[in-house]
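The values are calculated or read from the model by the stated rules, or taken from the named source; none is laboratory data. Keep in mind that what you see is a predicted model, and the values were worked out from it rather than measured. Note that we place each Cβ from the backbone using ideal geometry, even for glycine, and neighbour counts take in every protein chain shown.
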Amino acid sequence: MPRHRYVVSGVVQGVGFRWFVLREANRLELRGWVTNLRDGSVEVVAEGTTAQLGELEGALRRGPTVAEVEDVEIFDVPHDVELSNFFDIR
């Protein structure tokens, strides 16, 4: 199953972005986590089908109403990174 790391930049901290991602990821039944990074961006690591990850990417590019997403970088994640059976905020 594919696994991706997304780094979302823009106005994405202090606007409920992690909770937005948590709701979307749980709705899509993804595994992984979301966390704030020190540089003001948000990191999302998610595992699911290609279709599920495509839906997540669309949601990340939209963000919650008050967010201003400037960019979403996408990276593949090796499967040696351990994921829990649910989505988590870190």
Verdict on E43 being surrounded by 13 or more Cβ atoms within 10 Å (Cβ to Cβ), at pLDDT 95 or above and in a helix (DSSP H, G or I): no
Which residue pairs have Cβ atoms under 7 Å apart, sit 6 or more places apart or on different chains, and have a first residue in the stretch 2-29 that is farther than 12 Å from E47 by Cα and a second that is polar (S, T, N, Q) and at pLDDT 95 or above? V7/S41; V8/S41; S9/S41; V12/S41; Q13/N36; R18/N36
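Quick grid of which residues meet (1) in a loop (DSSP other than H, G, I, E, B); (2) modelled with pLDDT under 95; (3) hydrophobic (A, V, I, L, M, F, W, C):
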| residue | (1), (2), (3) |
| --- | --- |
| W19 | no, no, yes |
| L22 | no, no, yes |
| T35 | no, no, no |
| D39 | yes, no, no |
Determine which single condition I89 fails, assuming it passes every other condition in (1) within 15 Å of W33 (Cα to Cα); (2) among the aliphatic types (A, V, I, L, M); (3) without any contact (Cβ under 8 Å) to a residue 24 or more places away in the chain. (3)
Find all pairs meeting these conditions: Cβ atoms under 6 angstrom apart; at least six residues apart or on different chains; first residue within the stretch 52-66 and assigned to a helix (DSSP H, G or I); second residue buried (at least 17 other Cβ atoms within 10 Å of the Cβ) and not hydrophobic (A, V, I, L, M, F, W, C). L53/H4; A59/E24; L60/Y6
Could you identify the single residue in E29, E47 that is touching a Lys or Arg at 6+ places or on another chain (Cβ under 6 Å) and of a type in the set (D, E, K, R)? E47
If you take the residues of the stretch 12-35 that are more than 17 Å from G58 (Cα to Cα) and β-branched (V, I, T), which of them is surrounded by the fewest Cβ atoms within 10 Å (Cβ to Cβ)? T35
Within the stretch 10-17, is even one residue more than 15 Å from F75 (Cβ to Cβ) and touching an Asp or Glu at 6+ places or on another chain (Cβ under 6 Å)? yes
Taking the condition touching a helix residue (DSSP H, G or I) at 6+ places or on another chain (Cβ under 9 Å) and aliphatic (A, V, I, L, M), does A46 pass? yes
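If the requirement is being part of a strand (DSSP E or B), surrounded by 11 or more Cβ atoms within 10 Å (Cβ to Cβ), touching a residue at least 60 places away in the same chain (Cβ under 8 Å) and over 11 Å from the mean Cα position of the chain (by Cα), which of these qualifies: V81, V69? Steps first, answer last, please.
Working: V81 fails: part of a strand (DSSP E or B).
Within the list V81, V69, the selection yields V69.
Condition first: of a type in the set (K, R) and closer than 14 Å to D88 by Cα. Now tell me which residues in the stretch 6-59 satisfy that.
R18, R23, R27, R31
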